[in-house]
Amino acid sequence: MRESRCARELMGKRLESPALSSRRRKRATDKDSCRETGAQWAVPTECGEASGCKSCKGPGKTNRPERTGPGQKRKHREAVETSLLHHDQFKKGHRMGKDSLLTQDLTPLQNDCSWTKARASFGFHKKKVVTAVSEVSNNATTSSPPGSFVSEYSNPPVLNKTTSSAPSPWHSSSMYLLTPLKTLHVADQKASDAEKVYRECDQEGPIPFSSCLSTEELESCEKIGEGVFGEVFQIIANCTPVALKIIAIEGLDLVNGAHQKTFEEILPEIIISKELSLLSDAACHRTDGFIGLNSVHCVRGPYPPLLLKAWDHYNSTKGSANDRPDFFDQDQLFIVLEFEFGGIDLEQRRKTLSSIATAKSILHQLTASLAVAEASLHFEHRDLHWGNVLLKKTSLKEVHYTLSGKTGTIPTCGLQVNIIDYTLSRLERDGVVVFCDISMDEDLFTGEGDYQFEIYRLMKKENNNCWGEYHPYSNVLWLHYLTDKILKEMVFKRKCNTPALKQIKKDIIHFHGTMLNFSSATDLLCQHSLFK
């Protein structure tokens with residue numbers, strides 16, 4: 001349990017304001033308000049910079065060549081970003097009027113700028129900050145989680161004396177690869193980053209698209225999402241749907257108005273997705289609640305025609321805000337991340353769930369997944385809105401998790417939950433911390449129109465705007481937000497007209513009213529009566 005320093009202030013505001021019906025809001029920015037700026041940030045080397053604290057010395061920008069667009073005429077338009085790995089309708093959002101959040105009638109107004117689209121203007125896609133735990137000042141936590149979790153995965157690969165070859169890196173942690181090599185020259189560092197990416201891909205160098213995707217797989221492909229980063233397609237691989245996230249890297253062309261990521265910048269994204277995916281194979285702390293990463297490839301060449309065909313179909317049926325990816329030359333590099341298909345997001349399913357019992361299962365699965373990640377990786381998601389919670393049908397009656405060696409069971413009610421999108425997330429292991437420094441993104445903390453924006457302000461208050469530090473209370477805040485959505489904006493097919501369902505609803509209301517007094521998702525999972 002914790003002192004309710006945020007709770008009283010928060011609940012006061014919640015009592016003053018009605019339920020908010022949408023997470024979308026029009027932001028008053030310049031003409032490129034919904035386009036990623038492409039600003040990149042250097043890996044910090046001083047304690048103040050490493051902590052991601054605005055009051056300390058801010059990180060400088062990385063020196064990089066001035067990039068040019070492709071030969072074709074560039075369109076000046078807003079870039080849209082949809083949630084990863086799920087079908088997202090190209091739908092209208094809502095806009096706030098001139099009055100403040102607490103005083104205005106919050107009847108939604110139509111607008112085409114969603115939160116995921118708007119956040120591109122805040123520089124969230126700048127490279128992750130990577131630093132040592134010892135350089136992050138935090139009164140609550142000054143070291144990585146205990147060695148019990150470190151031993152769950154294998155150490156850096158060791159050459160086999162018989163075969164003289166390293167084992168596949170895919171089933172072991174790679175966080176050690178993010179340790180800054182401060183002694184290397186710039187040219188050597190760049191080569192090293194490329195080699196690290198190739199190692200994660202289990203490749204010696206880039207391969208053609210045809211070596212990564214068969215013609216049969218490409219013929220079945222469907223575009224299901226997009227973002228400033230690139231495109232998301234679904235294919236059928238081995239009779240199973242999977243999602244492909246395709247990101248252009250290392251080129252000079254602007255992509256959707258933004259600079260392409262470098263090997264150095266893409267490596268943390270690969271490793272973070274991998275670390276959370278590996279929790280499904282861990283022993284002491286285990287969960288299936290984070291989207292599974294199946295493989296990563298680095299490919300070279302122009303976009304395959306069948307992917308362009310799928311892109312065109314998406315554009316004609318739903319509309320795309322991205323540039324058609326037909327301008328890349330023969331030497332263009334791409335990262336192709338293959339994820340399990342995670343299902344449909346909670347927001348889209350807000351009127352399709354069977355009963356309040358399903359909602360309880362969703363909250364239980366989310367809390368358990370976050371608790372496991374806290375214990376294993378000192379993880380904070382920091383952007384767990386209902387577009388980043390995926391639901392897919394399952395025949396399993398129960399799902400299992402393991403926390404500190406003890407296994408727990410959760411009824412599924414026919415749905416399995418997957419957490420996605422680690423853009424703002426923070427995690428650590430083996431003495432390395434990775435986080436996104438949003439201390440300078442003032443617009444993020446002034447948003448109105450949804451309880452979601454209040455959560456960013458409460459996180460900032462909790463960590464004193466020092467984003468490198470570990471404050472698991474942020475996970476409690478996001479769980480409170482999701483509980484708020486479930487109680488106030490979700491409609492269930494089956495009404496609470498039985499004693500059992502009425503009791504579940506009563507229990508969730510109690511959870512909503514008391515959970516802010518708990519210190520972490522782990523504390524909630526182990527101590528709150530909802531999960532007893």
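Of note:
- Condition broken by ARG324, with the remaining ones in (1) free of Cβ contacts under 8 Å to residues at least 12 places away in the same chain; (2) in contact with an Asp or Glu (Cβ under 9 Å, 6 or more places away or on another chain); (3) basic (Lys, Arg) satisfied: (1)
- A single entry from SER316, SER277, SER354 fulfils the requirement of being surrounded by fewer than 19 Cβ atoms within 10 Å (Cβ to Cβ), at pLDDT 95 or above, of a type in the set (S, T, N, Q) and not assigned by the TED database to the domain that holds ILE207: SER354.
- LEU363 fulfils the conditions (1) under 30 Å from ARG429 (Cβ atoms); (2) not assigned by the TED database to the domain that holds ALA521 except for a single criterion, (2).
- Filter result for SER211 (of a type outside the set (A, V, I, L, M, F, W, C) and either touching a Leu at 6+ places or on another chain (Cβ under 7 Å) or modelled with pLDDT under 75 (or both)): no
Conditions tested, residue by residue: (1) in a strand (DSSP E or B); (2) of a type in the set (Val, Ile, Thr); (3) within 19 Å of the chain's Cα centre (by Cα); (4) under 25 Å from SER174 (Cα atoms).
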residue	(1), (2), (3), (4)
LYS223	yes, no, no, no
ALA243	yes, no, yes, yes
ILE246	yes, yes, yes, yes
ALA283	no, no, no, yes
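- One residue from ARG324, ARG300 being under 30 Å from VAL432 (Cβ atoms) and assigned by the TED database to the domain that holds LYS223: ARG300
- Of the residues making up the stretch 425-446, one or more are within 22 Å of the chain's Cα centre (by Cα) and free of Cβ contacts under 8 Å to residues at least 12 places away in the same chain.
- Residues satisfying the stated conditions in the stretch 390-439, i.e. in contact with a Lys or Arg (Cβ under 8 Å, 6 or more places away or on another chain), aromatic (Phe, Trp, Tyr) and farther than 20 Å from LEU524 by Cβ: PHE435
- Some residue of the stretch 331-342 being part of a loop (DSSP other than H, G, I, E, B), within 25 Å of the chain's Cα centre (by Cα) and closer than 22 Å to THR240 by Cα: yes
- Taking the criterion of being in contact with a helix residue (DSSP H, G or I) (Cβ under 9 Å, 6 or more places away or on another chain) and assigned to a loop (DSSP other than H, G, I, E, B), the residues of the stretch 425-439 that qualify are SER425, ASP430, GLY431, ASP437, ILE438, SER439.
The values are calculated or read from the model by the stated rules, or taken from the named source; none is laboratory data. Keep in mind it's a predicted model, so treat the numbers as computed, not measured. Note that we place each Cβ from the backbone using ideal geometry, even for glycine, and neighbour counts take in every protein chain shown.
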